[in-house]
Amino acid sequence: MKDYYKILGVEKTASQDEIKSAYRKLAKKYHPDLHPDDKVSAEKFKECNEAYSVLGDADKRAKYDRGEMDEGQGFNPFSGGGGFTASGFDDIFDIFSGFMGGGARRRTAQQPVGADITQTIELTFMEAALGVKKSVSFTRMERCGTCNGTGAKNADSLKTCPKCNGTGQVRYTQNTLFGQQITVGVCNNCNGTGKIVTDKCTDCGGSGVVRKKKVMNVTIPAGVENGSVLQIAGEGNAPRGTGRNGNLLLVLSIKPSKVFSRRNLDIYTEVPVTFSTAVMGGEVEIPSLDGMFVHKLSAGSGNGETVRFRGKGIRSGRGSGDLYVTFKVEVPRSISRSQKKALEDFERDSTISSYPKRKEFLDETAKMYNNK
């Protein structure tokens, strides 16, 4: 049995999208229109079509993987009982479209869709980091309840559209290299409703939609970033007549925090400590997303030292970040006379070795000037 995975150049664990992508690349590469006299390319093109006719169909692929499919079974693009599915032919049309600049593709009408609504939501740093439920108030166009979106005063005020004969769609036919192309579009005379309004609804003025205020509760997931957009499908404006609503797009604006800053999933903070705590060590309270916790600061800790706390950053579906705490030694602005004397006594009794960084600085400075 042929190795269809090898023919398409994919692993056996490949997804259907990966298989489809590999097939399209090979079909374009070996297509006979690009190599009219190349028998090798023609054979390659046939092989990749055969492979995709099996692997591109989930049921046939399962049988093939179980070894229940005979050589070439299911590959007959012109028979009624096997070969390419409708999606397979769509792939072929896509390839032809790439060669011819479009045109050899069957097109169908698109369902009318209402306009999207964009709304900005302000969040605190903690709300964005931990996730929160928010009540969102906005105004949107909704289908008129009086006329059910038709825009007509009553049933007698609707007539069949003469352009599309009530189908809501208009067909256009164009001759191409591969035969006739049929394009189906929404009728612009009735906006796809298939009906023409002769007497307008008094509540909506014939538009089929009315403006209404809506309030809804929205769950903001943990870890969202400033400027990101949360899309809620179907909560936007309703189109006139039939069709589906647009989407509600929530733009998230996060207020900066005076305690934390953020970089991806990691958060950063600076914690002031007293001079005596830095010298002698001691317990320091540290803020985190889960509240305050106590950290034992080592004696002799210097100003600007940073400690990393794993897993205490932002936790989201993408993983967990860390908390980085930088300790800032705070020097008192004013001291009493007795405190000043105590410090002078302390300084007098201290040796230069008590200040290793200062000693290193003085030594290097001396070398610099002595060797100039």
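The values are calculated or read from the model by the stated rules, or taken from the named source; none is laboratory data. Just so you know, these numbers come straight off a predicted model, no measurement behind them. We place every Cβ from the backbone using ideal geometry, glycine too, and count neighbours over all the protein chains shown. Quick note on the areas: whole protein, heavy atoms, side chains included, nothing else; ligands and nucleic acids left out. Shrake-Rupley method; radii C 1.70, N 1.55, O 1.52, S 1.80 Å.
In the complete set of protein chains, residue-level accessible area for Thr146 is approximately 90 Å², probe 1.4 angstrom.
Computed from phi, the 3J(HN,Hα) profile of the range 120-129 under the Karplus parametrisation 6.51, -1.76, 1.60 (θ = phi - 60°) reads 9, 10, 8, 10, 7, 4, 5, 4, 5, 6 Hz, with x in place of Gly and Pro. The Cα-based radius of gyration and maximum Cα-Cα distance (Dmax) for the range 239-372 are 24.5, 90 Å. The HN-Hα couplings worked out from phi for the range 308-316 by the Karplus form 6.51 cos²θ - 1.76 cosθ + 1.60 (θ = phi - 60°) are 9, 10, 5, x, 9, x, 6, 10, 9 Hz, whole numbers, x standing for Gly and Pro. Here is the list for the range 245-310: GluC sites (Glu not before Pro) lying in DSSP coil, each with at most 16 other C-beta atoms within 10 angstrom of its C-beta, are Glu305. With 0.36 nm allotted per residue and the present C-alpha distance subtracted, the Ser354-Lys213 stretch has 43.8 nm of extension available. If you average the alpha carbon positions of the range 328-348 and of the range 194-208, how far apart do those two centres end up, in angstrom? With the range 328-348 and the range 194-208 each reduced to a Cα centre, they are spaced 85 Å.
Taking Asp57, Asp65 and ordering them by how much accessible surface each has at a 1.4 Å probe, largest first, produces Asp65, Asp57.
Quick one: of Lys6/Lys63; Lys296/Lys341; Lys212/Lys255, which pairs are farther than 24 Å apart, Cα to Cα? Result: Lys296/Lys341; Lys212/Lys255 exceed 24 Å. In this structure Val215 has an accessible area near 90 Å², from a 1.4 Å probe over the protein heavy atoms. For Gly168, nonlocal amide neighbours, meaning residues 5 or more places apart or on other chains whose placed amide H falls under 5 Å from its own, are Gly194. Put simply, the amide H of Leu123, placed in the peptide plane, has neighbours under 5 Å in Ser253, Ile254, Lys255, leaving out anything fewer than 5 places away on its chain. Note that the range 164-224, at 25 °C in a medium of 0.890 mPa s, gets a Stokes-Einstein diffusion coefficient of 154 µm²/s from its Kirkwood radius over C-alpha pairs.
Placing +1 on the Cβ of every Lys and Arg and -1 on the Cβ of every Asp and Glu, with no other charges, gives the range 262-372 a dipole of roughly 300 debye about its Cα centre.
Taken one residue at a time, the phi angles of the range 293-301 give Karplus couplings (6.51, -1.76, 1.60, θ = phi - 60°) of 9, 9, 10, 7, 7, 6, 5, x, 5 Hz. Gly and Pro are set to x.
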